[in-house]
1. Does Gln365 satisfy the condition of being outside any strand (DSSP E or B) and touching a residue at least 24 places away in the same chain (Cβ under 8 Å)?
2. Tally time: how many residues in segment 271-292 are under 23 Å from Ile322 (Cβ atoms) and of a type in the set (Gly, Ala, Ser)?
3. Of these, Asp417, Asp435, which one is in a strand (DSSP E or B) and either free of Cβ contacts under 8 Å to residues at least 24 places away in the same chain or farther than 20 Å from Phe455 by Cβ (or both)?
4. Is it true that Asp253 is open to solvent by 50 Å² or more (accessible area, probe 1.4 Å) and more than 57 Å from the chain's Cα centre (by Cα)?
5. Within segment 645-698, how many residues are modelled with pLDDT of 85 or more, of a type in the set (D, E, K, R) and assigned to a loop (DSSP other than H, G, I, E, B)?
6. For segment 198-214, give me each residue that is among the β-branched types (Val, Ile, Thr) and touching a strand residue (DSSP E or B) at 6+ places or on another chain (Cβ under 7 Å).
7. Scan the strands (runs of 3 or more DSSP E) fully inside segment 555-644 and keep the ones with 2 or more residues being open to solvent by 10 Å² or more (accessible area, probe 1.4 Å) and in contact (Cβ under 8 Å) with a residue 40 or more places away in the chain.
8. Filter segment 332-343 down to the residues that are of a type in the set (A, V, I, L, M) and surrounded by 12 or more Cβ atoms within 10 Å (Cβ to Cβ) and list them by number.
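The values are calculated or read from the model by the stated rules, or taken from the named source; none is laboratory data. None of these values were measured; they are calculated from a predicted model. Every residue, glycine as well, gets a Cβ built from its backbone with ideal geometry; the counts of neighbours run over all protein chains shown. Accessible surface is based on the protein model in full, side chains and every heavy atom, while ligands, DNA and RNA are left aside. Shrake-Rupley method; radii C 1.70, N 1.55, O 1.52, S 1.80 Å.
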Amino acid sequence: MSWTSAILTSPPAPLLRGEGSKNPLISLLLPRLLGEGGWEGEVCRTHVVLKAEGIEQNFWLLTQHSVLSMANSHPANILLVDDSPANLKALVATLEPLGYNLITALSGKEALKYLLQNEFAVVLLDVQMPEMDGFETAKLIHSRPTTQDLPIIFLTAIYQDLSYIYQGYSTGAVDYLLKPIVPAILLAKVKVFVELFQKTAILKQQAKLLAATNSKLEAEIKQRQIALEKLRESEARFQAFMDNSPILAWITDTTGRVLFLSQSYLHKFKLLVEEPIGKFIFDLYPNEIAQHFLNNIQKVAETDRVIETIEVAPRINDTFGIFLVYKFPIPGVSKQKLVGGVALDITDRKRMEDALRESEEKFRQLAENIQAVFWMTDIHNQQFLYVSKAYETIWQRSCEDVYQNASAWLDAVHPDDRSCVELELVEQAKTGQSDKRYRIIRSDGSIRWIRDRAFPIKNELGEMVRIAGIAEDITDQHRIEQMKSEFIGIVSHELRTPLTSIRAAMGLLNSGVYERKPDKSKRMIEIAAIDCERLVRLVNDILDLERLESGRAVLEKTTCDATDLIQQAVAGVQAIAKQQNIIFDIHATEAQVWAATDAIIQTLTNLLGNAIKFSPANATITLSVQQQTDCVLFKISDRGRGIPADKLEAIFGRFQQVDASDSRVKGGTGLGLAICRSIIEQHGGKIWAESTVGVGSTFFFTLPKNREQVTGDRLQGSGELREQGSRGAGEQGGKITTDS
């Protein structure tokens, strides 16, 4: 049974007492009404008449008996789950005569998806299925609050052992049927659960309708009781209250004529007359303010309801105040309508609220515009109260995700870091403080390093009321720290190697073991000298590279002739080339480049030096300059041993050699090509290498033709390089300019 109801405070037709049959819904509600305040009532088919203290209140109840329509509003869905389409087809054929909605699923996962979308009366579930069997599926179904009571009937032709039957019932199933299944039995069982589902739905709807009706009746009765209490208040008691109350209080008639003002009112407001009683509000205030007061008075009189509003009025100290005002109707012994009012001076509070609102807006703008994520949680259940928009940029997830589920923040943490973060969160909940670093995996698969710092927010008593924090992306910083660590390790090794050799040679000389062996002594001195030179080159290269990459090196550029640059570089290495009988084959066209002369000569010298070192005796090194559309291309080719393909990019890194022994045998520092790349890139060009092992290598680099093609020029000069660092005149000065 169900009853659909609606309540009207005034009946649409004359009340006919004693007609019609008793309404079951009213019979249910009347005992509650009769138990509150001595109410008594007469009930007919559509009306309830309630009386109290001589005042009669009519309720018009519209009811409709609608069991059938309610049942139809809850159609029965039955979920059939089997990995065999043939089995599903047989089940559908068996159950079709019942006329229910039959939904089929070929797997447990598909069944779970349907359960999220629809409400089902019963589930017929096969036990044996791939990926997720029936037992696992049933456990997942009953683990969800919305489907924890859903009836499940297992169907199986294989798992007929008692242990499986026990397992099926342990998952919460209501039945375990073995195939072949008798259709009549299956139809009867399904029909029972469908009827139970429909009856449950009807009962829920009935309870909802009854609760709504009861709530409306109680609200209406309460409102009438309040009205009756106001009617019982005596004018004398009300007058005494207003006379002795510190609040600002007054009474006027509907035309705005003043009948009463409390003493606090007279002490707060600056009035235009000394005797305000009996005067109109236009006599007490400027017209604009008085008109606003009168509009509110008339609104109360017209609606007979209390209104809440904000009014501005002049105060006794010649300032304008902001007042929270309540105006309300006052029933009197005569037929004249009166309006009363009370006011609270909220000028200071309004000012503080505006200041707070402005402060919150500034904070919001700050939080929304910084690159780091600002967040805030409560201290009880760690729910997020605020997460700035930077979260969506760094995490590539929606802020709504963490508002709805706080664990979504933790879900993005790298699995290797999650346990540590969870432990730190436990400690954070106790103290409100933490400083943790962890990795997150973003939706595109990229990994970012995060530094997440938390701090407590306390009230005036020193009690922690919130936990706030800042999470920032430190991926680049972490990468730089790793590079620094690696660089320091490599540099320390490279510096120690020649120093160790020098120390050993000097130690042997100092011990006197070679005093009578001048050839050995000379050799030790030569070894020390070679390693000293290597150490000086290493230190100079490190300083040059750091100045270039830190931005402290200023390359003063001018228009240069490309052929002149090559000839100067060749002249600088000619003596070394002659020792191996190496010649240079230069193919240069007329080309002008915008470059720092000494820096490009240094680049060419480094590349030529490498070509000489790795070329066999009597070889030829080819140099060429070619005009390109928007740049000039330099090429240096040798006939050396070549570079493996996997090393062509790595050789431009710091301390990278094709063969680790090259730094000892060839005398290189491993920084020459890194310096070349930095110089060329600061010119706005590119540098790369091509090579075939056993045939030779070619190094390419480009330079811009004119100044307009260079991005980021910082200084125009004579084309030479200034040295403002701490290096002495004898340390190859003039290669790199440092910006002090």
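1. Considered against the rule, which asks whether it is outside any strand (DSSP E or B) and touching a residue at least 24 places away in the same chain (Cβ under 8 Å), Gln365 comes out as no.
2. The qualifying residues number 1.
3. Testing whether each residue is in a strand (DSSP E or B) and either free of Cβ contacts under 8 Å to residues at least 24 places away in the same chain or farther than 20 Å from Phe455 by Cβ (or both) leaves just Asp435.
4. no
5. 1
6. Step one: list which residues in segment 198-214 are among the β-branched types (Val, Ile, Thr), which gives 200, 202, 213.
The one that is among the β-branched types (Val, Ile, Thr) and touching a strand residue (DSSP E or B) at 6+ places or on another chain (Cβ under 7 Å): Thr213.
7. Once the strands (runs of 3 or more DSSP E) in segment 555-644 are filtered for at least 2 residues that are open to solvent by 10 Å² or more (accessible area, probe 1.4 Å) and in contact (Cβ under 8 Å) with a residue 40 or more places away in the chain, what remains is 558-561, 592-595, 631-637.
8. Leu338, Val339, Val342, Ala343
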